[in-house]
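Working notes for the structure below.
The values are calculated or read from the model by the stated rules, or taken from the named source; none is laboratory data. Predicted model, so just to flag it, every value in this text is computed and none were measured. Cβ atoms come from the backbone with ideal geometry, glycine included; neighbour counts cover every protein chain shown. Side chains are part of the model used for accessible areas, which takes the heavy atoms of the whole protein and leaves out ligands, DNA and RNA. Shrake-Rupley method; radii C 1.70, N 1.55, O 1.52, S 1.80 Å.
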Amino acid sequence: MKYAIIGTSHAGYEAVQTILEREPQAEIHLYEAGATASFLSCGIQSYLEGESSCLSKIHYANEESYKNQGVHIHVNTTVTGFDAAKHILTYTDANGAGSESYDKLILGVGAIPAPLKVAGADLANVYYMRGEVWADKIKKRMASARKVVVIGGGYIGIEAAEAYAKAGKEVTVIDFQKRILPTYLDQEFTDILTADAQKHNLTFRGGEGVVEFTGSDGQVTAVKTDKGTYPCDTVIIAVGIKPNTAWLKGLVDLDQRGFILTDAYQQTSAQDVYAAGDATYIQYAPTGQKAAIALATNARRQGIVAAKNAMGEKATVQAVSGTSALALFDYHFATSGINSANCSSYQGKVASTYLVQRVRPTFLDQPAEAVNTLYSKIYYDAETKVILGAQFMSQFDITQYANIISLAIFNKNTLAELSMQDFFFQPEYVGPWHAICTLALQAEKRTYGAEKMLFM
């Protein structure tokens with residue numbers, strides 16, 4: 001069997017490995033538009049902050065490793081189309097136009113930065129936070145930048161802003177949304193993060209739309225919004241991503257947003273063509289509906305399933321809850337499932353409980369009270385009490401808590417079941433009632449013994 005796979009990131013990588021595992025003699029052609037294979041955009045912050053010493057390390061495969069596996073890897077090659085009836089794809093590379101036959105085709109085309117269509121976007125020192133080429137430019141600029149404006153207060157923008165602020169730069173984050181990270185965390189959490197970021201030379205300006213970039217001698221000098229002007233010498237754009245599917249119009253069914261429509265087996269509307277990754281939807285466990293959740297974990301699962309079905313198996317992707325985590329200066333936070341931004345999509349009445357509590361027992365003298373504080377919030381069905389989502393934030397690393405909630409959502413556990421789960425007690429880490437248990441107990445309006453001592 002001859003397989004063609006477009007895209008070498010998470011979905012494409014897993015598709016290749018899945019085929020090699022099950023059909024080691026298969027002929028695999030892997031296409032990458034960039035110069036290097038399988039770059040991890042999610043590792044850009046580690047590179048900017050010096051945790052990864054060079055870009056070449058932010059890969060889990062490269063051209064040489066693919067060749068050693070017997071894969072026909074085509075870098076600097078852009079696939080331009082395919083004929084599903086004839087099972088032939090077309091491409092362009094350094095030698096011009098070419099074509100290649102296939103038996104099965106897997107699209108792992110991913111997403112590209114959403115452009116900011118304003119005057120001055122082509123000025124020097126204006127960058128996008130996406131991909132290896134941009135990452136290299138952003139890192140090199142860090143040495144000479146002084147005043148930086150980041151457009152976009154989501155995960156990617158916050159990562160760029162934090163890296164520059166840690167490097168001693170004056171950073172302003174601008175977003176048309178009124179809060180940072182609005183699709184991940186509720187206001188109780190983001191208010192704390194915003195105030196803490198201010199202490200680290202990062203200022204957030206919410207509810208503002210960018211009008212234009214102004215410059216001098218071809219260099220950006222300021223960002224103008226509908227509410228003010230912000231002098232700067234560097235701009236990083238991170239206003240989101242969009243599916244890299246413009247070239248697929250007429251080849252497979254797309255929705256109005258450009259996402260590839262697939263069935264439960266990751267198969268597209270075209271014969272023997274499958275799709276996986278950021279350009280597709282995935283089943284969202286809290287609502288039972290499909291959603292766009294651009295996470296590497298989801299792309300990897302979809303890549304495996306797409307490959308299995310291309311090989312004739314019948315596999316589906318398990319529903320997910322969009323579980324994620326991040327750190328911003330002094331705080332770690334994690335979230336899974338429904339929050340204030342998307343709770344209206346749930347077909348039922350949603351309730352929530354917010355709780356500020358201690359991470360460790362009161363009888364420990366250290367750490368200080370502020371460091372030992374845990375901010376937590378849980379969402380659940382108001383009638384059935386089934387868990388729908390939760391958020392956690394602390395100066396302790398409590399990010400694994402979100403994984404527990406993800407499992408609870410998938411299993412449709414109730415507050416009562418979650419409150420009595422068998423979690424360990426060890427004062428160095430948690431109290432006799434785990435913080436997740438006390439959160440569920442509080443939502444149930446129930447109290448037990450030492451649990452009262454854990455509340456702030």
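Charging the Cβ of each Asp and Glu at -1 and of each Lys and Arg at +1, and nothing else, the dipole of the stretch 248-358 about its Cα centre rounds to 260 debye. Estimated at 0.36 nm per residue, the fully extended path between GLN25 and MET311 surpasses their Cα-Cα distance by 101.7 nm. Amide H contacts under 5 Å for ILE28: TYR3, HIS72, restricted to partners 5 or more places along the chain or on a different chain, H placed in the peptide plane at 1.01 Å from N.
Centre-to-centre separation between the Cα atoms of the stretch 224-296 and those of the stretch 120-193: 21 Å.
Length gained on full extension, SER53 to LYS86, computed as 0.36 nm times the residue gap minus the Cα-Cα distance: 7.3 nm. Zone of THR384 (label point 7 Å along Cα→Cβ, backbone N under 12 Å): which residues in the stretch 412-448? Backbone N within reach: 412-415. Counting only alpha carbon atoms, the long axis of helix 401-410 and the longest principal axis of the chain meet at about 70°. Restriction of the chymotrypsin sites (Phe, Trp or Tyr not before Pro) in the stretch 192-297 to DSSP coil positions whose beta-carbon has at most 16 other beta-carbons within 10 angstrom yields TYR265.
For a quick protection proxy, order the peptides 16-25, 342-351 by their average other-Cβ count within 10 Å, most packed first.
Numbers: 16-25: 16.2, 342-351: 13.9.
Highest-to-lowest ranking by the protection proxy: 16-25, 342-351.
Available extension along the chain between PHE425 and LYS2 is 146.9 nm, counting 0.36 nm per residue and deducting the alpha carbon span. Taking the 1.4 Å solvent-accessible surface of the stretch 130-275 as the whole, the part contributed by carbon and sulfur is 47%. Of the options (1) 0.96; (2) 1.00; (3) 0.93, only one is Rg/Rh (Cα atoms, Kirkwood Rh) as computed from these coordinates, and that is (2). When DSSP beta bridges are limited to those with both residues in the chain, what percentage is antiparallel, rounded to the nearest 5? Expressed as a percentage, antiparallel bridges in the chain total about 60.
Close amide H partners of ALA222, meaning residues 5 or more places away or on another chain with modelled amide H under 5 Å apart, are THR214, CYS232.
Spelling out what I want: for every residue of the stretch 414-426, take phi, set θ = phi - 60°, compute 6.51 cos²θ - 1.76 cosθ + 1.60 (Karplus), and round to whole Hz; glycine and proline get x. Going residue by residue, I get 9, 4, 4, 5, 5, 5, 10, 5, 7, 9, 6, 10, 8 Hz, with x marking Gly and Pro. When the stretch 349-426 is described by a simple charge dipole with +1 on each Lys and Arg Cβ and -1 on each Asp and Glu Cβ, the residue from GLN421, ALA390, PRO361 located farthest towards its positive end is ALA390.
Counting only DSSP H runs of at least 4 residues, each contributing -39500 (n - 2.57), and dividing by the residue count of the chain, the helix-based mean residue ellipticity at 222 nm comes to -6500 deg cm²/dmol.
Calculated accessible area for the stretch 1-41 comes out at 34 Å² per residue, all protein chains present (probe 1.4 Å; ligands, DNA, RNA ignored). Could you pull out which residues in the stretch 294-310 have an amide N less than 18 Å from a spot 7 Å beyond the Cα of SER65, following the Cα-Cβ vector? Hits in the stretch 294-310 for SER65 at 18 Å: 296-297, 299-301, 303-304.
Could you size up the charge dipole of the stretch 130-186 around its Cα centre, putting +1 on the beta carbon of Lys and Arg and -1 on that of Asp and Glu, and report it in debye to the nearest 20?
It comes to approximately 300 debye.
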